[in-house]
Amino acid sequence: VTHPASRAGVFNARRTLALALLIAGSLLLPAPAAKASPFTTGFFDDGAYLSNDSGSWLDRTAAAGAGIVRIGVNWADVAPSTQPADPSNPAAGYDWTAIDRAVRGASARGIDVLLTVCFAPAWAEGPNRDPNAPAGTWRPDPNQLGLFAQALATRYSGSYFDPGLGVTLPRVRYYQAWNEPNLSTYLTPQWSSGAAASPFQYRSMLNAFYAVVKGIHADNLVLSAGTAPYGDPGMGRRMRPVLFMRTLLCLTVTGKKRTLQTTSCPNPAHLDAIAHHPYAIADPRHQAYDPDDAAVPDLWKLRQVLQVAQNNGRVLPAGPKRFWVTEFSWDSGPPDPSGVPVATQARWLEEAMYMFWNQGVDTAIWYLVKDAPPVPSYDASYQSGVFYSGGATKPAYTSFHFPFVADRLSKKRLRIWGRAPITGPISIQAIAGGKGHSKRRKRHAWQTVMRLQGQAGNVFLGTLRSKGAVKLRAVGPSGPSLVWSQR
Amino acid sequence: MQRICLMTVCLAALAFPASSMAAQVAPPGNSGVSEYRESIPSAGGNTPTSGGKHGNHGGAPLSRHAQRALRAQGPSGLAAARLAAATAPAGSPPADAKASQGHSTAGSSSGGSGPINVLKHAAGGSDDGGMGPALPLLLGGSAAGALLFTLRRRLS
């Protein structure tokens, strides 16, 4: 019979041996490849950035390490109620007050801005309007959208002097044409005469938008609208995003293997980057059930459609295209009783960022910097902020600021991935996982298993030899990441 | 004869496709938002499983306590809760609500296990995806066929 104390001793000895092997193994590996690549992160939160209190939220946004904020430009709200004589003139009766405040505030803090235009004023909607269509969604006139985009991109060209403000407004480089055009909430009709209608309508809008925004600055970047992740069976109010993107880019699928084929395309879509909104009904590893829906692990479907379109001249101009995620999030509880625990929200945030990067995304924008008020209810509003509404941080603040993830490549190998918040040395530290360690021992058991140099806003990568459960963290000049538990 | 019975059952199953059987599941904490619900195949028909306030009124099969306990277990617990919600029969009340209702629900049309409801469920359930009276007829026919086949083999 083994005495319990000696059994615990054997157990701890095994743990120590496992950690020693991890350290020794990692030291035997060559230095991690310097595969630093920029990975931009940001927030979309009109409730915060378009409010009178935008300054304090932009301060917190900068502190969180965001490189970009997405600002919604509600065309119908900004435009006058009747059509102006020259809609392309920024001074033609538009109300830019809230947009100016957000753009100037972000620029003053060194944060880039992405402007997303959506919702047409009544005078810019198409004929034969369905009375049930949401306001601003019915066949928006592409020419009018182009004229408005000209006013917008001129105002934020970096050389536009506003005599009323007495200042030259800062430059905005990133523009996005519309929001979630595969949903009836934003674009109607989705279907017409038994066939898809919204991708064709949207292509005309996107091309008009692209031409004027690029005409003002050739190095402006135009994104297609972020697609919503799920559609309805049949011809419902929501078109599945992969079907929408295929049709937009003049492709179709044939056969059981769903081979992509080109269709005729007299006026291909013009864009510099595509965007998607992979909200998930469960954790980030959850795959969409339908082949034409796209959750976090399914971004390859959209990337594949884009690649085939590029290879066949179905998207212009020729050349590589970027891939952005312009919305993703999970609600946390507290405060939302049906949200996921705050620790889970934090882990899913950084895990999703890693999965985006792994699928070719270079910019990821989290929906909400702060929790929205529960109006009309928690379930019909978003409590996905990295800050509570009062300004206190959640664990997701740390995982947004310094995301760090391990991914098991095999039984013996782990990939570590992270994004450095600031430039400086980063230590990867490990502690053997599982039970058997006292709290005191855990506190003092972190061992450095890898050192690397981080560049602000860039991804760092490495490979570790490790078997079994282990806890890892990255420690940089600004402090540690959250602890990543790996099985 | 065996082949005929088997083919009959298979053909009958194919005659009632499951394509219309889909449930809608919302991201955690957003059951009141319709834009980001995923339509997933389930046995519960194509009625959304979570439409009410806090997603637990007339749709979710788990009590609030059970949901909280599962969520506390992290991703696997949450996945289990989602699976339960996705595959629950449409309109099934939460477990704690069932307990508090006692016998009053036994004969109601919305659920319960009374003899009328048992017969109703046997005759095809309450949603659009059910087979209606065809199911008991099909089962009865198959049983009679199997019985005849067995008797014939014993007699010969």
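Quick notes
- Tallying residues that are among the small types (G, A, S) and assigned to a strand (DSSP E or B) within the stretch A:33-74 yields 2.
- Scanning the stretch A:188-205 for residues that are farther than 20 Å from A:C265 by Cβ and touching a residue at least 40 places away in the same chain (Cβ under 8 Å) yields A:T188, A:P189, A:Q190, A:W191, A:G194.
- Residue ID - nearest to the chain's Cα centre (by Cα), chosen from residues in the stretch A:379-412 that are of a type in the set (D, E, K, R) and at pLDDT 95 or above: A:K394
- Single residue of the stretch A:307-330 satisfying the filter (surrounded by fewer than 24 Cβ atoms within 10 Å (Cβ to Cβ) and assigned to a helix (DSSP H, G or I)) that is farthest from the other protein chains (Cβ to nearest Cβ): A:N311
- Residue identified as outside any loop (DSSP other than H, G, I, E, B) and either in contact with a Ser or Thr (Cβ under 9 Å, 6 or more places away or on another chain) or without any contact (Cβ under 8 Å) to a residue 24 or more places away in the chain (or both) among A:T154, A:T185: A:T154
- Matching residues in the stretch A:121-140 - criterion: being under 28 Å from the mean Cα position of the chain (by Cα), surrounded by 19 or more Cβ atoms within 10 Å (Cβ to Cβ) and not small (G, A, S): A:P121, A:T137, A:W138, A:R139, A:P140
- For the stretch A:53-62, a residue qualifies if it is surrounded by fewer than 22 Cβ atoms within 10 Å (Cβ to Cβ), touching a residue at least 12 places away in the same chain (Cβ under 8 Å) and not hydroxyl-bearing (S, T, Y), and the qualifying residues are A:G55, A:D59, A:R60, A:A62.
- Restricting A:F148, A:F161 to residues that are more than 14 Å from every other protein chain (Cβ to nearest Cβ) and out of contact with any Pro (no Cβ under 7 Å at 6 or more places or on another chain) narrows the list to A:F161.
- For A:D379: the one exception among (1) away from chain B (no Cβ under 14 Å); (2) in contact with a helix residue (DSSP H, G or I) (Cβ under 9 Å, 6 or more places away or on another chain): (1)
- Test: A:A294 is among the small types (G, A, S), within 15 Å of the chain's Cα centre (by Cα) and either at the interface with chain B (Cβ under 9 Å from one of its Cβ atoms) or crowded, with 24+ Cβ neighbours inside 10 Å (or both): yes
- Residue count, the stretch A:332-365 (criterion: within 10 Å of chain B (Cβ to nearest Cβ), crowded, with 24+ Cβ neighbours inside 10 Å and under 28 Å from A:L50 (Cα atoms)): 7
- Extreme residue, surrounded by the fewest Cβ atoms within 10 Å (Cβ to Cβ), among residues of the stretch A:456-479 that are of a type in the set (A, V, I, L, M) and under 22 Å from A:I111 (Cα atoms): A:A456
- Screening A:L368 on (1) more than 14 Å from chain B (Cβ to nearest Cβ); (2) in contact (Cβ under 8 Å) with a residue 24 or more places away in the chain; (3) farther than 30 Å from A:R451 by Cβ shows it passes everything except condition (1).
- Of A:A294, A:A343, A:A288, all but one fail to be out of contact with any Cys (no Cβ under 9 Å at 6 or more places or on another chain), assigned to a helix (DSSP H, G or I) and small (G, A, S); the exception is A:A343.
- Extreme residue, farthest from A:F323 (Cα to Cα), among residues of the stretch A:238-285 that are β-branched (V, I, T), in contact (Cβ under 8 Å) with a residue 12 or more places away in the chain and outside any loop (DSSP other than H, G, I, E, B): A:T262
Rundown of residues vs (1) at pLDDT 95 or above; (2) of a type in the set (D, E); (3) touching a helix residue (DSSP H, G or I) at 6+ places or on another chain (Cβ under 6 Å); (4) surrounded by fewer than 22 Cβ atoms within 10 Å (Cβ to Cβ), yes/no style:
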{"site": "A:F161", "(1), (2), (3), (4)": "yes, no, no, yes"}
{"site": "A:R171", "(1), (2), (3), (4)": "yes, no, no, yes"}
{"site": "A:R203", "(1), (2), (3), (4)": "yes, no, yes, no"}
{"site": "A:Y210", "(1), (2), (3), (4)": "yes, no, no, no"}
{"site": "A:G226", "(1), (2), (3), (4)": "yes, no, no, no"}
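The values are calculated or read from the model by the stated rules, or taken from the named source; none is laboratory data. Predicted model, so just to flag it, every value in this text is computed and none were measured. Using ideal geometry, Cβ is built from the backbone for each residue, glycine included, and neighbour counts are taken over all protein chains shown.
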